[in-house]
Structure formats: C-alpha cells, structure tokens
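The values are calculated or read from the model by the stated rules, or taken from the named source; none is laboratory data. Note that the coordinates shown come from a computational prediction; the quantities given were computed from them, not determined experimentally. We place every Cβ from the backbone using ideal geometry, glycine too, and count neighbours over all the protein chains shown.
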Amino acid sequence: MDDPYKTLGVSKTASAEEIRKAYRKLAKELHPDANPDNKEAEERFKKVSQAFKLLSDPEKRAEYDAAARAGFGPGMGAGAGGRGGPFNFRQSRQQGPDFSDIFSDLFTDFGTQTRQSPPRKGADVRYSLTVDFMQAANGGKHRVVLPDGRKLEVAVPAGASDGQVLRLRGQGEPSPTGGPAGDAYIEVKVSEHKYFTRDGDDVRLELPITVKEAALGAKVRVPTIDGPVDLQVPAGSSSGSLLRLRGRGFANAKGKRGDQLVRLMVALPASDKALRDFLETWNPPSGYDPRKGMRS
C-alpha cells in the first residue's frame, strides 16, 4: 500500500480539514469525467480515493500511524525498527507490547482476515446527478461515474424533485473483508426551466396573450410537460388571471399527478398605431375603476 499522506500530498500532522481540501483538489483534477480514457489518471484517482478513505476515518488513521511507528509502514515489508522479516504480534511482555488487537482491524483492510474481525459492509459512496426540468418530470436513465471510477446507470423516477436522494443497494464500495458491498446514494439536482417552475407537485407557467384574446376570449396553444395542449381563455380575462389544467403536473410517490397553473399575462405590441388610435377614442364604462379596491 502507498503512503496515504504522500498520495494526498499532506503532512502526517495534517488536520482533517487539510486532508479534505487536498482530496477535493486532487479528485477534481483526476476524476474520470475530466480525464476520459486516461488510465493513468484513473489509477491515481483510485489511489487518492483509497488514501482519503483511510485518513478521513480517525480510528483507521490512528491505527495506520501506530503501525507506521511500529515499523509496519507503506509496503508492510520490514519489522519493528526497520529489521527484515515479519513483525511478531504475539511478543512476550519482555519483548514489547502485543499489537494484535490494535492492528486486527487495520490488517483486515489490507486483505488479511482475522478471527477477531467479522466481515464488514463496504463503504457507501455519494454522487450528485444534475438533470434538466423535463428529465425530472418524465424520468429516465442516466449514467454517472462513481468516485472509484465505476460507471453506473441510474433510473431517475418520473416526478423526481431537487435534492431527492436515490439509494442503490450494493452499488457502493466492496467490502475488504468479504462482507456485503456498500450502497450508492445519488442526490438529484434539477436545473431550472426557461418558463416552467415547480410548486410542490404543480407546475406553474406565465402565458402571454394578446389584448384581443383577453377581451374576446380565445382557444390558445399552451406548453405542458407532456406536450402542447389547447386552453380556453375566457372572454374578459385580466392579466394575472389563473387557469388550471388538471393532471398536467408532476407525479408524486403514489403516482398521482399535480396540476398545471397558467397565469395569463396580457402582452401589448411594441408599436401598433391601430391599437393606439382606438384606445385614444375609447373610454371605460361609466363608474368603472380598476383601482377601486386599493383605496382606503
């Protein structure tokens, strides 16, 4: 095994935060997504991940440091004091302390199963997967590269929400002691849409309409997460009026879908002489005041 401190480029007295910073920097540089088909970078990425796994665990780090001080450092080839030959853990009190309990868990990680150490579950891995709004709405399969370089296909369910965590059993790191593999936890990040927004299981949309459509009513084409549909705009609709398309929202865990809420927004053309001339001669009905309710 390589010296994990040298692998991460930190001193043996490095703090937990210094170790995390060193790992993040190296992982970003060496990640397979940033180095496609680069076997050397992939191998270094695996070694960096293994070194961080050991040094980020206070108990394992203490055991490793103790082993190094006893002469069982990287390579595990020399005994205490640098003398050749295997280190004898069952020493008498006159020869030195018994290190078997201290190192039993450590040597299990290095591939030597001990009777005192039952098989342990492999480590869990975490990954962040970004999908666009429509992919979250409709679901689908996506490929991710885990920290150890493995490629994994993830099925994102229809209606997935931002921050939702998917658990993939047995897709984490293998157990070094023959136990079950760990799990993979995939956090879903949903990117924003250019005109849809999500409100729980409902979808919101601001729909521009013309003055004529608002005044006289009209059937207009409206985008939804399932594709465009026809919507009837009632005559006399004001800007800000809210219409509902039932069952056009996101699906929840039980498969029931929310609605799409359409807010009408009257849009005026930048320059229309005919409309301007008409409005100059038009007067609202007697007694009509659109701001009447705002007066104290």
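Summary of computed values
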{"read-out": "Qualifying residue in the stretch 177-192 (condition: among the basic types (Lys, Arg) and either in contact (Cβ under 8 Å) with a residue 40 or more places away in the chain or under 20 Å from Gly247 (Cα atoms) (or both))", "value": "yes"}
{"read-out": "Those residues of the stretch 227-240 which are within 13 Å of Leu205 (Cβ to Cβ), surrounded by fewer than 17 Cβ atoms within 10 Å (Cβ to Cβ) and out of contact with any Lys or Arg (no Cβ under 6 Å at 6 or more places or on another chain), in sequence order", "value": "Val229"}
{"read-out": "Selection count, the stretch 228-256, where residues are over 29 Å from Arg291 (Cα atoms) and modelled with pLDDT of 95 or more", "value": "9"}
{"read-out": "Qualifying residues in the stretch 254-296 (those that are touching a residue at least 24 places away in the same chain (Cβ under 8 Å) and among the aliphatic types (A, V, I, L, M)) - the one surrounded by the most Cβ atoms within 10 Å (Cβ to Cβ)", "value": "Val262"}
{"read-out": "Selection from the stretch 127-147 of residues that are out of contact with any Gly (no Cβ under 9 Å at 6 or more places or on another chain), closer than 26 Å to Arg44 by Cβ and either modelled with pLDDT under 90 or surrounded by fewer than 15 Cβ atoms within 10 Å (Cβ to Cβ) (or both)", "value": "Tyr127, Ser128, Thr130, Arg143, Val144, Val145, Pro147"}
{"read-out": "Where a residue in the stretch 1-29 is in contact (Cβ under 8 Å) with a residue 40 or more places away in the chain and among the acidic types (Asp, Glu) and its partner, wherever it lies, is exposed (fewer than 13 other Cβ atoms within 10 Å of the Cβ) and in a loop (DSSP other than H, G, I, E, B), with Cβ under 6 Å and at least six apart", "value": "none"}
{"read-out": "Condition broken by Arg120, with the remaining ones in (1) modelled with pLDDT of 90 or more; (2) outside any strand (DSSP E or B); (3) not small (Gly, Ala, Ser) satisfied", "value": "(1)"}
{"read-out": "Flag if Pro228 is without any contact (Cβ under 8 Å) to a residue 12 or more places away in the chain and closer than 18 Å to Phe196 by Cα", "value": "yes"}
